Amino acid sequence: MSTDALDRHAPAQSGIDRALGLLDGFREHIEHVQPTLTGLPVLWVRRERIVEILRHLKAPPASFSMLYDLSAVDERLRAHRDGLPAADFTVFYHLLSVDRNEDLIIKVALTGGDPNLPSVTRVFANANWYEREIWDLFGITATGHPHLQRLLMPPTWHGHPLRKDYPARATEFDPYTLTVEGQQTEQEALKFEPEAWGMQRERDGSEFMFLNLGPNHPSAHGAFRIVLQLDGEEIIDCVPDIGYHHRGAEKMAERQTWHSFIPYTDRIDYTGGVMNNLPYVLAVEKLAGIEVPDRVKTVRVMMAEMFRISSHLLFLGTYLQDLGAMSPVFYSFTDRQRAYKVIEGITGFRMHPAWYRIGGLAQDLPVGWQQLVQEFLDWMPPRLREYELAMMKNALVRERTRHVAAFTTTEALEWGVTGPNLRATGCNFDLRKQRPYSGYENFDFEVPLGQHGDVFDRGQLRIEEMRQSLRIIQQCVDHMPAGDYKADHPLTTPPPRERMLQHIETLITHFLQVSWGPVLKPGESLQMVEATKGINSYYLTSDGNNMSYRTRIRTPSFPHLQQIPSLMRGGFVPDMIAHLGSIDFVMADVDR
């Protein structure tokens, strides 16, 4: 494509212009500039230059220092691809620059029966798992990858589940059976072979010990396995093994209507509740062109921050339990019950309310909600001071956590670390401040930062974050806007019953919304939020149907676990247990 044609096709958008300026030397390798509702510049480039282009974008002045996400789309059944390069599969690279607070999506079109492209692990270390994931789920080969094998699916699995020709329903499979012989085969496939990972079995005539930590170890926060290569207590190397909690959430999105997928989002980070609904409904609202009332924005912020506190309380109890303290978990869980009292009083549910709706909320705030929330706001500050005094200032806690598993901002960005774990290194990057959404720009709060990026800072920081969440919720109570709890839009939640009984058009809309679901125009949208464990986002592709063509769920815990080996080589087993507790992860958030 010529430069003139490229410029005519590019949207009049400053982000696009900056992206093209940064790639001025690669103009002949840019195939297309794609307009989307993501709010980000999206450029299609030639496959053979992807490594060179990403290396250029990572270095100054572009400084896209983080590979935020990498995934793929099976394009073969997509009907609305007007103007896009011909492709059977598309691989996209979502780059993030913390320095300039900008993002850029680079796409590569793949055609033919054996899709492949060069591995970019030489450019971004955290591309390792993402490339294994697209091979596992799409069958896309990253040529030159150091260890391309299954990641989320079992080693014996056949096929690639996110391909469009792969069944999406259990009824399309034969009934599952597992014979004794089959069980032995599966167990044998899980056997760890050190040589396959470039590990030696001995050194100077002394054998290493290979220890399976998990997949049900109490310090692993879920069905997580990590194989340790040990010389005594020293960790020579380790290999995380994930996928035991994989449920095919992205595949499920292909057969659920836009509305009916909302409850599935609750189960991603199952401690985050409505925090999981938020990026999804915001992304759908971009596709639908819905602007919600101020009351909806404020209520969403209030309930999201309630779940941030609830999640951080769970973290604090288990974090200290992993360090050997038994009492804190009882105190933190007692306070979580108070948080759940508020959540249940407002939404009717506790862990998984699925309470946000496209265009609004399931219902308005109940009578007496202010008193319910205010009681919690009055209760928590003294409790947080007690946690800090009795736990974080405890000499044993400090001894076990200070300068343990520390990493720098540069290392965090290299591995895709976001949220509290990134801010513990001193990096001031919080989407609620840098890129306010859902009305966060209207709230007065601070962003707590750490100094050393160690286990201690990651624990202390979350106590400070709970204080700021209380501050935000108090402002919600004091300044809750009046108005409706949903947008007056035909694609939003079903209309009020009284209007439905009076107007035939409204009745038809209600019937279609409930039985068929809203139909959204073709397009792509993306929403990132500062979730409980880091940045969570939904990248949605609509093909003009009542359900998503492709739903990409980027979770923070996935890259956080990938970083473990680089941190723990040369460390000790007790330090790794402390680090696992400080990450704050749940395996549903990792495996989806």
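Coordinate-derived values only; no laboratory data. None of the values given here were measured: they were computed from a predicted structure. Glycine gets a Cβ as well: all are built from the backbone with ideal geometry, and neighbour counts include every protein chain shown.
Answer with one residue from Gly232, Gln256, Thr551: the one whose Cα lies farthest towards the positive end of the charge dipole of the chain, charges on Cβ with Lys, Arg +1 and Asp, Glu -1.
Going by the Cα projections, it comes out as Gln256.
Place a +1 charge on the Cβ of each Lys and Arg in the chain and a -1 charge on the Cβ of each Asp and Glu, then give the dipole magnitude about the Cα centre in debye, rounded to the nearest 20.
Computed charge dipole of the chain: roughly 960 debye.
Hey, which of these cross-link pairs are over 32 Å Cα-Cα: Lys191/Lys393; Lys164/Lys433; Lys107/Lys486; Lys341/Lys486?
Lys191/Lys393; Lys164/Lys433; Lys107/Lys486
Just grab the label-to-label distance for Gln502 and Glu233, each label 7 Å out from Cα along the Cβ direction, in nm (one decimal).
Reported label-point gap for Gln502 and Glu233 is 7.4 nm.
Which residue, chosen from Gly534, Leu211, Gln451, occupies the Cα position most advanced towards the positive end of the dipole of the chain, where the dipole is computed from +1 (Lys, Arg) and -1 (Asp, Glu) charges on Cβ about the Cα centre?
Gly534
Between Ile508, Gln562, Val33, whose Cα lies farthest towards the positive end of the dipole of the chain when Lys and Arg beta carbons carry +1 and Asp and Glu beta carbons carry -1, centred on the Cα centre?
Checking the options against the dipole of the chain, the answer is Ile508.
Suppose the chain between Thr410 and Asp165 were pulled fully straight at 0.36 nm per residue; how much longer would it get relative to their current alpha carbon spacing?
Contour length minus Cα-Cα distance gives 84.1 nm.
I want to check the label-to-label distance for Ser14 and Gln337. Put each point 7 Å from Cα in the C-beta direction and report it in nm to one decimal.
5.2 nm
Roughly how many whole Å is it from the C-alpha centroid of segment 79-98 to that of segment 32-71?
Comparing the Cα centres of segment 79-98 and segment 32-71, I get a distance of 11 Å.
To the nearest 20 Debye, how big is the dipole of segment 249-563 about its Cα centre, given +1 on the beta carbon of each Lys and Arg and -1 on that of each Asp and Glu?
So the magnitude is around 440 debye.
Can you classify segment 320-441 as rounded, prolate or oblate using the Cα gyration tensor, where a ≥ b ≥ c are the square roots of its eigenvalues, rounded means a/c under 1.5, and otherwise it's prolate if a/b beats b/c and oblate if not?
Here segment 320-441 falls in the oblate category.
Hey, with R₀ at 51 Å, roughly what FRET efficiency would Leu396 and Asp82 work out to, going by the Cβ-Cβ distance, to 0.05?
For R0 = 51 Å, the calculated efficiency reads 0.20.
Per 10 Å bin, what is the whole-percent P(r) computed from every C-alpha pair distance within segment 261-346?
Histogramming segment 261-346 at 10 Å steps yields 17, 39, 29, 12, 4, 0 percent.
Can you pull out the GluC sites (Glu not before Pro) in segment 446-531 whose DSSP state is coil and whose Cβ has at most 14 other Cβ atoms within 10 Å?
Glu446
Report the full-extension gain for the segment Leu148 to Leu211: residue separation times 0.36 nm, less the Cα-Cα distance, to one decimal in nm.
Difference between extended and current length: 20.4 nm.
Given the C-alpha centroids of segment 447-517 and segment 310-333, what is the distance between them in whole angstrom?
28 Å
Could you state the number of Å between the C-alpha centres of segment 527-592 and segment 397-435?
Centre-to-centre (Cα) distance: 14 Å.
For segment 441-577, with only Lys/Arg (+1) and Asp/Glu (-1) charged at the beta-carbon, what is the dipole magnitude about the Cα centre, in debye rounded to 20?
So the dipole magnitude of segment 441-577 works out to roughly 520 debye.
Could you give the alpha-carbon Rg of segment 3-120 over 2.2 N^0.38 Å, rounded to two decimals?
For segment 3-120, the normalised Cα radius of gyration is 1.01.
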